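Asks: Below you'll find the structure I mean.
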Amino acid sequence: MIRWWAMMRRIQYMGGSFIFLALIGSMFYCSYCYVGTTCCDRTKNGDERRMDRGGDCSRMCRMDISAPKVLWVAPFKIMDGQYNVVAYIENSNRETGTGNMPYTITLSDTEGVIVERSGTTVLPPDGTYPIFEGRVMTGTRVPTAAAITFEDEDDVVWMKASIGRNEFFLEERDLTGVDDSPRLTAQIRNTLLEETREVEIVATVFNSSGKPLTAARTVVEYFQGRTTEKVIFTWPQPIAKTLRSCDVSTDVVLAIDLSGSMDSDGGNPPEPLTSVLTAAKTLSPVCMRTIRLVLLPLRQGHHSYQS
């Protein structure tokens with residue numbers, strides 16, 4: 001006769017012994033055999049995707065990063081032989097940014113490369129940010145094309161980051177004198193509690209169709225927390241003259257009076273209606289200028305901001 005109670009007790013004894021031995025073995029393994037993720041030992045261990053990258057490491061693996069996208073790059077004439085160049089770069093990585101992205105901006109014309117300017121920028125996560133190069137000298141040559149390339153992408157350090165574009169925001173702006181002496185006055189608020197230093201701010205002026213017309217940069221050396229700073233941008237040339245005739249399409253509505261008085265002069269065809277219609281056919285659309293402003297507080301140390 002099978003004694004079930006005795007068999008169950010043996011199973012309990014065996015199970016308890018197994019659990020006890022498993023705990024002892026785990027303690028021994030953790031103490032003497034296990035090596036956790038180390039992000040600075042130049043060895044792929046733990047849950048790292050590559051050596052010292054990915055997993056629990058703050059430095060991200062390159063295969064997990066979406067490459068930055070160049071939205072546009074353009075030169076803006078300041079005076080003869082001198083240009084400001086701005087490139088808008090999109091970082092689509094929601095929680096990953098870099099503080100050491102090397103780049104090269106190239107201006108060229110039909111004869112080839114005029115000048116190259118290299119530098120290093122920061123790209124915070126999840127946003128579009130400008131790269132500004134000022135006072136680029138071209139001599140007597142006029143650039144007709146601009147390009148930006150990113151160099152040594154494998155050596156770029158991408159890190160997990162939460163600092164983005166919400167730490168600073170634009171409260172108000174006022175653009176005046178666009179046809180004579182352009183001047184932009186902007187109020188920018190620092191929402192952080194602590195002081196921020198060397199905040200670089202780039203202002204770009206667009207027309208009604210989104211075409212960039214000009215850009216400028218300034219730096220706020222000391223930006224106290226929870227305060228507002230007034231920044232001013234000026235240009236030596238009228239912004240209106242940077243818009244060539246009819247570069248921007250404009251809807252024009254022409255109303256013509258068709259009442260009886262429009263044939264009071266008699267004739268066949270009737271006058272003055274016929275002359276009015278003939279004049280209307282020769283009307284050339286006039287390019288009207290509407291300015292839209294985008295202002296982007298760019299970077300402080302290893303952070304960038306957009307408003």
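The values are calculated or read from the model by the stated rules, or taken from the named source; none is laboratory data. As the structure is a computational prediction, the values presented were derived from the model and not from experiment. Heads up, the Cβs are rebuilt from the backbone with ideal geometry, glycines too, and the neighbour counts pull from every protein chain shown. Areas reflect the complete protein model, heavy atoms only, side chains present, ligands, DNA and RNA absent. Shrake-Rupley method; radii C 1.70, N 1.55, O 1.52, S 1.80 Å.
Asks: Might you work out the accessible area of residue 257 for me, using a 1.4 Å probe with all protein chains in place, and round it to the nearest 10 Å²?
Replies: 80
Asks: For labels at residue 151 and residue 19 in the simple 7 Å Cα→Cβ model, what's the distance in nm?
Replies: Inter-label distance under the simple model: 6.4 nm.
Asks: Given R₀ = 41 Å, FRET efficiency for residue 228-residue 117 by Cβ-Cβ distance, to 0.05?
Replies: My answer for the efficiency is 0.80.
Asks: Give me the extension gain from residue 256 to residue 193: residue separation times 0.36 nm, minus the current Cα-Cα distance, reported in nm with one decimal.
Replies: Details: separation 63, 0.36 × 63 = 22.68 nm, distance 6.13 nm.
Gain on stretching residue 256 to residue 193: 16.5 nm.
Asks: Using a 1.4 angstrom probe with every protein chain in place, what is the largest-first accessible-area order of 126, 180, 174, 80? It would help to have the intermediate numbers written out before the result.
Replies: Working: 126 60, 180 110, 174 85, 80 130 Å².
Most to least solvent-accessible, the answer reads 80, 180, 174, 126.
Asks: Could you work out how much longer the chain between residue 278 and residue 95 gets when fully extended? Use 0.36 nm per residue separation minus the Cα distance between them, nm to one decimal. Show your work: numbers first, answer last.
Replies: Values: separation 183, 0.36 × 183 = 65.88 nm, distance 6.19 nm.
That pair, residue 278 and residue 95, stretches by 59.7 nm at full extension.
Asks: Given the whole protein assembly as supplied and a 1.4 Å probe, what does the accessible area of residue 256 come to in Å², nearest 10?
Replies: About 60 Å², rounded to the nearest 10.
Asks: Could you compute the FRET efficiency for residue 142 and residue 185, with r as their C-beta to C-beta distance and R0 at 30 Å, rounded to 0.05?
Replies: It comes to 0.45.
Asks: Measuring from label point to label point, each 7 Å out along Cα→Cβ, what is the residue 219 to residue 174 span in nm?
Replies: In this crude spin-label approximation the distance works out to 2.8 nm.
Asks: Provide the FRET efficiency to the nearest 0.05 for the residue 206-residue 265 pair, computing r from the beta carbons and using R0 = 35 Å. Walk me through the numbers before you get to the answer.
Replies: Working: r = 48 Å, r/R0 = 1.36.
The calculated FRET efficiency here is 0.15.
Asks: Ranked from the most accessible area to the least, with a 1.4 Å probe and all protein chains present, what is the order of 117, 173?
Replies: Numbers: 117 70, 173 125 Å².
Solvent-accessible surface, decreasing: 173, 117.
Asks: Sort 262, 79 from largest to smallest accessible area, using a 1.4 Å probe on the heavy atoms of the protein chains. The partial results should precede the final answer.
Replies: Numbers: 262 25, 79 90 Å².
Result, largest first: 79, 262.
Asks: Still on this model: How much solvent-accessible surface does residue 211 expose, in Å² to the nearest 10, with a 1.4 Å probe and all protein chains in place?
Replies: 80
Asks: Label-point separation (nm) for residue 79 and residue 160, each offset 7 Å from Cα along Cα-to-Cβ?
Replies: 5.1
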